[in-house]
Amino acid sequence: MISVLFFLSLFFLIFSIISFNLFKDLNGEHFSSISNTLTSMFQIMINDSWKEIVRPLQQAVSYATAFFICYLIVMKFTLLNLFLGLIISAVQAAAREESKQTLKNLKKDINVTIETEVKSEIALESKIDLLMEEIKSLKLILNKQN
């Protein structure tokens, strides 16, 4: 995630420096300094008044169109990758949390089942012990009668 953001910033800076060097003489308003160039390139990246910046350059030089198409493709795919990464990370975190909760519930259910089985086994053993005592007492009674 951080690497995508780093590459986005790196590409943004590289394209801004290249556009500053290519277009500073052609469009002084938007490319007169690095700060103006960064602002203009950000406007182009988010499609805010980009036509006002790009149209005069397209009319002045033929390579401006290819330059800005490459810029937009690189930046849009990088942004898309960044947002998809954020969405996938969020979905994975939610799935991981859900599986932890499911595992916790299963452990709880297993513990309850084991406790119930142990209690029923103890109750069964005590019933068997009582029955054995009754059988012994009945045998004694039968032995006395014989």
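Since every read-out is calculated from the coordinates, none of them should be taken as a lab result. Only a predicted model underlies this, so the values are computations on that prediction, with no experimental measurement involved. Counting neighbours? That spans all protein chains shown, and the Cβs are built from the backbone with ideal geometry, glycine included.
Miscellaneous remarks
- Residues considered: 89, 120, 62. Largest GNM mean-square fluctuation over the chain, using C-alpha springs under 10 Å, is found at 120.
- Most tightly packed first, judged by the mean number of other beta-carbon atoms within 10 Å of their residues, the peptides 136-144, 5-13 read 5-13, 136-144.
- Calculated [θ] (222 nm, deg cm²/dmol) that DSSP helices of n ≥ 4 give over the chain, each run adding -39,500 (n - 2.57): -32000 deg cm²/dmol
- Protection-proxy order for peptides 100-112, 64-76, each taking the mean of Cβ atoms within 10 Å per residue, highest first: 64-76, 100-112
- Rg over Rh [alpha-carbon atoms, Kirkwood Rh] for region 1-53: 1.02
- A dipole drawn for region 2-105 from +1 and -1 charges on Cβ atoms has a positive end, and of 50, 12, 80 the residue lying farthest that way is 80.
- Packing-based order for 124-130, 44-50, using average beta carbon neighbours within 10 Å, highest first: 44-50, 124-130
- Taking 21 Å as the straight-line reach from the Cα of residue 76, the lysines in range (excluding those fewer than 8 positions away in the same chain) are 51.
- Whole-Å distance, taken between Cα centres, linking region 17-75 and region 91-146: 77 Å
- Charges were assigned to the Cβ only: +1 to each Lys and Arg, -1 to each Asp and Glu. The resulting dipole of the chain about its Cα centre is roughly 140 debye.
- If the chain linking residue 114 and residue 66 were pulled fully straight, counting 0.36 nm for each residue of separation and taking away their Cα-Cα distance, it would gain 10.2 nm.
- Mean separation of Cα pairs under 8 Å and 6 or more residues apart, divided by the residue count, gives the chain a relative contact order of 20 percent.
- Proximal lysines to residue 144, defined as alpha-carbon separation beneath 20 angstrom and excluding residues fewer than eight positions away on the same chain: 136
- Ordering 103, 38, 64 by the projection of their Cα atoms onto the charge dipole of the chain, which places +1 on the Cβ of Lys and Arg and -1 on the Cβ of Asp and Glu, puts 103 at the extreme positive end.
- The Cα-based radius of gyration and maximum Cα-Cα distance (Dmax) for the chain are 38.9, 128 Å.
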